[in-house]
Amino acid sequence: LASEAGQDVRLLFNGEGGDPLFGGPKNKFMIIHNWYKQLTGEDTTKAYLSSYHKFYDYLGSVYRGKFRKQLIGDEDLESFVRPTLESDQPRSFLNKLMYLNTKLKGGQNIQVKIDKMLSAHALPAMSPLFDRALAEFSFTIPTHLKRQGDVEKYVFKKSIDDKLPRPVVYRKKAGMGVPLNHWFLRTELRDYAHDLLRSQRARQRGYFNQKLVRRLLNGQMPENAL
């Protein structure tokens, strides 16, 4: 897609940033956690990391040796997230989530992927909703205007509801699912994955825990997974 677009335009705009800066739908489960954490006793930092990283609980056992140290480093992810969630600022729990989402999901995930895809075809990626001034302004907006009942990004939607059809503005969030399980268990990608991760060369490198890799390639969750 980037290759085709690059034949006609010099840069591309994208709409990334609306969810992290205006209280998007993925905050819902963390908000529910925050309401009931005294009953469940679940640690908020671990709950956050588990909700945004499917294999957070297994990071320490997936990688091995020096490769593990290079990827994870001396400090674990909790040491990055916990100070924000347990600090006095921002005071609002939703704003704490927004701050982390902007730094982690925005700055270290979404924007990186977009930049790599487009820069490979000499296309600059422009993300107006991640503009610094807009990002800073979003933290001054009262949280009840970001999420109102079950309507996420409320104030953002109100700002454009006279410019787009209502079904477009207020439709439910729908993810763009990718059938990875089917691809890696039922198509030619299965052999490719096995060759890449289970070959003699891969085992000699010692990057990954082979027992865990074998379970995943066979469509099984790690042992002791819920």
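The values are calculated or read from the model by the stated rules, or taken from the named source; none is laboratory data. The model shown is predicted, which means the values in this text are computed figures rather than measured ones. We place every Cβ from the backbone using ideal geometry, glycine too, and count neighbours over all the protein chains shown. Note: areas computed on protein heavy atoms with side chains; ligands, DNA, RNA excluded. Shrake-Rupley method; radii C 1.70, N 1.55, O 1.52, S 1.80 Å.
Seen from every direction in turn and averaged, the convex hull around the alpha carbons of the stretch 57-130 projects onto 7.0 nm². In this simple spin-label model, placing a label point 7 Å from the Cα along the Cα-to-Cβ direction at both residue 171 and residue 211 gives a separation of 4.7 nm.
In the stretch 32-105, the portion of solvent-accessible area held by carbon and sulfur atoms comes to 51 percent [1.4 Å probe, whole percent, DNA, RNA and ligands not counted].
Backbone geometry of the stretch 176-184 corresponds, through the Karplus equation with coefficients 6.51, -1.76 and 1.60 at θ = phi - 60°, to 3J(HN,Hα) couplings of 9, x, 10, x, 4, 4, 5, 4, 8 Hz, x marking Gly and Pro. If I model a spin label as a point 7 Å beyond the Cα along the Cα-Cβ vector, how far apart are those points for residue 92 and residue 36 in nm? Using points 7 Å along Cα→Cβ, the separation is 2.4 nm. Spatial offset of the stretch 181-226 relative to the stretch 110-155 amounts to 35 Å, using the alpha carbon center of each.
Among all stretches of the chain without exposed trypsin sites (Lys or Arg not before Pro) (DSSP loop, at most 11 other Cβ atoms within 10 Å), which one is longest?
In the chain, the maximal stretch lacking such sites is 92-162.
Gain in length, residue 139 to residue 192, computed as 0.36 nm per residue apart minus the alpha-carbon separation, to one decimal in nm? Once the chain is fully extended between residue 139 and residue 192, it gains 14.5 nm.
For the stretch 1-119, count the residues as N, evaluate 2.2 N^0.38 Å, and divide the Cα radius of gyration by that value, please. Let's see the in-between values first.
Numbers: Rg = 17.4 Å, N = 119, 2.2 N^0.38 = 13.5 Å.
Compared with the compact-globule rule of thumb, the stretch 1-119 sits at 1.28.
Label-to-label distance, residue 131 versus residue 8, with points set 7 angstrom from Cα along the beta-carbon direction: 2.6 nm.
Per residue, the convex hull spanned by the Cα atoms of the stretch 117-226 measures out at 254 cubic angstrom. Extension gain, residue 109 to residue 178, is 23.1 nm, computed as 0.36 nm per intervening residue step minus the present C-alpha separation. Against the chain, whose longest principal axis comes from its Cα atoms, helix 28-40 is set at around 80 degrees.
In this structure the amide hydrogen of residue 63, modeled in the peptide plane, comes within under 5 Å of the amide hydrogens of 209, none closer than 5 places in sequence on its chain. With the helix formula -39500 (n - 2.57) applied to DSSP H stretches of n ≥ 4, the chain reaches a computed 222 nm mean residue ellipticity of -13500 deg cm²/dmol.
Return one whole number: the accessible area per residue of the stretch 48-141 in Å², for a 1.4 Å probe. Can you show the working numbers first?
On the way: 6010 Å² over 94 residues.
Here the residues of the stretch 48-141 average 64 Å² of exposed surface.
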